[in-house]
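Inspection log for the structure reproduced underneath, given as structure tokens.
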Amino acid sequence: MESSAFHLRRNRFSTKEVAVKMRKSFLLFVLLFSQLIFVKTVYSDSREIYDRKCAGCHGIEGDGQGPGISSIYPPPRDFRTWIFKYKSTPADYPPTDEDLFRMVKKGIPGTAMPGFEGILKDEEVKSVIQYIKKFSMFETEEEEIPVVKIDGIPKLEPSAVERGKKLYKEFGCPKCHGDKGRGDGPRSQELEDDWGNKIVPRNLTKGWTHRRGSSIEDIYITLKIGIPGTPMPSFLEALEEMREDKGIEVESNEFEKDPWSLAYYVHSLQEEPNFGTTSRVKYVDKLPNNPEDETWSFAKPVRFHLIGQVISTPRNFTPSVEDILVKAVHNGKEIAILVEWDDPTRTNLGSEDKIAIEFPITFERREKPFFVLGNTDNPVNLWVFENGGFYEAYAEGVETLRKQTNNNLFGSWVYENGRYHVLFKRLMNTEDEEDTIIKPLKFLPIAFFVWDGFNGEAGLKCSVSTWYYLIPEGNPSDKIFVIPILVVLLTFTFEVILMKRIKTNKK
Ligand code: HEC
Ligand code: HEC
């Protein structure tokens, strides 16, 4: 795709190494192993469970070298080491059986580690856990293990969140997680795990991506233990680093005095997931002019899933943008669409980070174009934000993408604390043949492409969504929209009466 719009750039940054590891075999691997993992059977012993359900990733010897592993990030755990990430014991102690049981049952969100709930019985999980323990030094005589145990969470008054906010700053969380928790701290792009892989801080606003879990209890344990094998410190390690940074003896340990307030605060950063498939476009009298306009509070936000584009080369196996939040309003003449997504690295004043919204040009036939830039007989209209500017593009297939000569699109944007807020505004009917016409009360397919320049994304290497829908509301004061509803109701009543008559006649 050599067009001016999404021109290819060479990848310059290093998540590439990770992407290279994941290439090609990934889909094949998923296909092969999903068969093995999700089939229920009766097993003769724990070894058989392990060999059938776990060894494909964790290796027959428990060394994390299963046949498919070159394609997985983060890689499957090497059970010969002591390193377990989501346990309730300090870094240099082995996990408890309950820790292992929990992770095997529930799986680890955002990684290849599947949950075995409903696939293995509880006794089977327990026996396979005993089996994997044999790979490590677990067999050696265990001393007393200091387990973090929680006996319910204390009810805190609302001011605790404020205290937690102070602790969040004081203990250096923003260095990695950023001021608002969006993973955009100054150190966020320089971190590596103990195996030498690039690793990024979690976006704390997205509870659904948390690997141990997103409840207040889960966060509390994460703070007590840290995430062994990664730069995510335990609270005591964070305290130690703070002492070093400031070069002073920090007398009291504020966290130990008030341990739950930080967990409460971190939990309070989480946003509603609001995942959906359709965005209702609210009718308003006056359209908003910028992403901060108060009118947006009337619009219902909907979050859409995005995935790395892996259908055409160059493929994207490590997308950095995995969802996008959409709000939309119209006034009968113009439509305004606000899209918001998190990108911890703003590159070149928004020049390499960009977004395109895609619509079919016509949707009368109810047939959607191919979601990656349409087809010859079903072209698409794209609204693009690039280099701080807005323009429309046309495509009827990947090779044909071009900027349109008539640009009817306006916009305005803000980037702050690791988040883009981009507002697109256009006439609903421009009378331009290459433009989608947007009509009230008609479902309109909509799809998205997002690029994170820092992640080496350019051209077709991007995040992409499947087709979702917009449905613009009718003008509430407009009788035209009431009449069809009345007609439907009357017809329905008439039919019911008719059916009853027929029934009584039959009797
Ligand atoms: C499709 C690949 C795959 C399969 C199959 C699989 N795992 Fe995993 N497992 C992973 C990956 C990847 C990780 C590392 C996740 C991370 O680092 O966050 C992991 C991590 C783990 C962990 C470490 C949890 C922690 O707290 O650090 C345990 C325990 C585990 N797996 C047990 C099992 C068991 C038992 C089975 C079989 C019943 C199994 N896994 C099957 C991919 C897999
Ligand atoms: C040196 C960088 C760094 C600092 C400082 C840091 N974190 Fe993290 N944090 C990380 C990384 C990296 C991860 C993701 C690890 C992974 O992918 O397994 C993470 C993950 C997390 C998670 C997600 C746990 C889960 O279940 O997925 C939470 C919650 C969290 N950090 C909270 C905090 C808080 C609160 C502080 C301040 C006390 C803090 N972090 C300080 C780097 C850091």
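The values are calculated or read from the model by the stated rules, or taken from the named source; none is laboratory data. Just so it is clear, the model here is predicted, and its values are computed rather than measured. Counting neighbours? That spans all protein chains shown, and the Cβs are built from the backbone with ideal geometry, glycine included.
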Do any residues in segment 283-294 that are under 9 Å from LEU423 (Cβ atoms) have Cβ atoms under 6 Å from those of residues that are surrounded by fewer than 16 Cβ atoms within 10 Å (Cβ to Cβ) and of a type in the set (Val, Ile, Thr), where the two are at least six apart or on different chains, and which pairs are they? PRO291/VAL414
Consider VAL329 against the criteria (1) at pLDDT 95 or above; (2) under 22 Å from GLU434 (Cα atoms): it satisfies all of them except one. Which criterion is unmet? (2)
Out of the strands (runs of 3 or more DSSP E) lying entirely within segment 328-440, which hold 2 or more residues that are among the basic types (Lys, Arg) and in contact with a Leu (Cβ under 8 Å, 6 or more places away or on another chain)? 419-427
Which residue is farthest from PRO90 (Cα to Cα), if the candidates are limited to segment 131-152 and must be surrounded by 14 or more Cβ atoms within 10 Å (Cβ to Cβ) and modelled with pLDDT under 85? SER136
Please pick out the residue among ASN429, ASN407 that is without any contact (Cβ under 8 Å) to a residue 60 or more places away in the chain and in contact with a strand residue (DSSP E or B) (Cβ under 9 Å, 6 or more places away or on another chain). ASN407
So in segment 82-124, with the set limited to residues that are in contact with a helix residue (DSSP H, G or I) (Cβ under 9 Å, 6 or more places away or on another chain) and of a type in the set (Val, Ile, Thr), which one is farthest from ligand 1 (Cβ to nearest atom)? THR89
Give me a count of the residues in segment 199-215 that are within 15 Å of ligand 1 (Cβ to nearest atom) and touching an Asp or Glu at 6+ places or on another chain (Cβ under 6 Å). 2
Selection from segment 196-215 of residues that are part of a loop (DSSP other than H, G, I, E, B) and closer than 20 Å to SER261 by Cα: ARG202, ASN203, LEU204, THR205, LYS206, HIS210, ARG212, GLY213, SER214, SER215
Collect the residues in segment 168-189 that are near ligand 2 (Cβ under 8 Å from one of its atoms) and of a type in the set (Lys, Arg), keeping them in residue-number order. LYS175, ARG187
Please enumerate the residues belonging to segment 90-99 that are in contact (Cβ under 8 Å) with a residue 24 or more places away in the chain and either of a type in the set (Gly, Ala, Ser) or farther than 22 Å from ARG202 by Cα (or both). ALA91, TYR93, PRO94, THR96, ASP97
Criterion first (in contact with a Ser or Thr (Cβ under 7 Å, 6 or more places away or on another chain) and under 23 Å from ARG419 (Cβ atoms)) does GLN189 satisfy it? yes
Counting only residues that are more than 15 Å from LEU401 (Cβ to Cβ) and of a type outside the set (Lys, Arg), segment 361-370 contains a total of 4
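One line per residue, one yes/no per condition, for (1) surrounded by fewer than 21 Cβ atoms within 10 Å (Cβ to Cβ); (2) more than 20 Å from the chain's Cα centre (by Cα); (3) within 29 Å of PRO75 (Cα to Cα); (4) basic (Lys, Arg):
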{"residue": "GLU162", "(1), (2), (3), (4)": "yes, yes, no, no"}
{"residue": "GLU170", "(1), (2), (3), (4)": "yes, yes, no, no"}
{"residue": "HIS177", "(1), (2), (3), (4)": "no, no, yes, no"}
{"residue": "ARG182", "(1), (2), (3), (4)": "no, no, yes, yes"}
{"residue": "ASN197", "(1), (2), (3), (4)": "yes, yes, yes, no"}
{"residue": "PRO201", "(1), (2), (3), (4)": "no, no, yes, no"}
{"residue": "LYS206", "(1), (2), (3), (4)": "no, no, yes, yes"}
{"residue": "ARG212", "(1), (2), (3), (4)": "no, no, yes, yes"}
{"residue": "ASP218", "(1), (2), (3), (4)": "yes, no, yes, no"}
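Let's see how each residue does on (1) closer than 21 Å to LYS134 by Cβ; (2) within 16 Å of ligand 2 (Cβ to nearest atom); (3) crowded, with 20+ Cβ neighbours inside 10 Å:
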{"position": "LYS85", "(1), (2), (3)": "yes, yes, yes"}
{"position": "SER88", "(1), (2), (3)": "no, yes, yes"}
{"position": "GLU98", "(1), (2), (3)": "yes, no, no"}
{"position": "PHE101", "(1), (2), (3)": "yes, no, no"}
{"position": "ILE108", "(1), (2), (3)": "no, yes, no"}
{"position": "THR111", "(1), (2), (3)": "no, yes, no"}
{"position": "GLY115", "(1), (2), (3)": "no, yes, no"}
{"position": "GLY118", "(1), (2), (3)": "no, no, no"}
{"position": "ASP122", "(1), (2), (3)": "yes, no, no"}
Would you call GLY164 within 16 Å of ligand 2 (Cβ to nearest atom), modelled with pLDDT of 90 or more and in the same structural domain as SER44 (by TED's automatic domain parsing)? no
When residues of segment 193-207 are filtered for being at pLDDT below 95 and not basic (Lys, Arg), how many remain? 7
Within the set of pairs 6+ apart or on separate chains, which have a first residue in segment 76-87 that is in a loop (DSSP other than H, G, I, E, B), a second that is away from ligand 2 (no atom under 15 Å from the Cβ) and of a type in the set (A, V, I, L, M), and C-beta atoms under 7 Å apart? PRO76/ILE69; PHE79/ILE132; TRP82/MET137
Scan segment 232-288 for residues that are at pLDDT 80 or above and of a type in the set (Phe, Trp, Tyr) and jot them down. PHE235, TRP260, TYR264, TYR265, PHE275, TYR283
